[in-house]
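Novice: The structure under discussion is supplied below as structure tokens; questions concerning it will follow.
Read-outs: derived from the displayed coordinates by stated rules, not from any lab. The shown structure was predicted, so the numbers you read here are calculated from the model rather than taken from an experiment. Heads up, the Cβs are rebuilt from the backbone with ideal geometry, glycines too, and the neighbour counts pull from every protein chain shown.
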Amino acid sequence: MARAKSWADYWRENMESVGLSVPLSGFVSEAKIQALIFKLVDAINKFGSEILIGTLIGVDALDEQMKFASSFSAGYYAEAMIGSSAYATGRCSCYRVLTFRGTTLSCKRV
């Protein structure tokens, strides 16, 4: 019997459906993915949304685990990550509320 898909599985599924590959390591749980979203949003607030992820790695605003996405703008990739979070939340049975400084990014389907 196949295991049920997790939130992270649905998140990865959506990222891949919009043409953004995600390595298997480092993106294995909802908590790790959300922590990375928060870190990316903080970097965008500091450096702007047009800065490349590779540049953010170079100034130690992001970890090397994001090197695979170094040619993408931080804003573009953050939007995809947040959108995929909403998709995953809507698809899985393990609903969560993801908030960032008072703003709800994804929520339980009513």
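Novice: Please find the FRET efficiency linking Ser6 to Lys39, where r is the Cβ-Cβ separation and R0 is fixed at 22 Å, and quote it to the nearest 0.05.
Specialist: Computed FRET efficiency for Ser6 and Lys39: 0.55.
Novice: Please list, or write none, the aspartates and glutamates whose alpha carbon is within less than 18 Å of the alpha carbon of Lys67, excluding same-chain residues fewer than 8 places away.
Specialist: Glu16, Asp42, Glu50, Glu79
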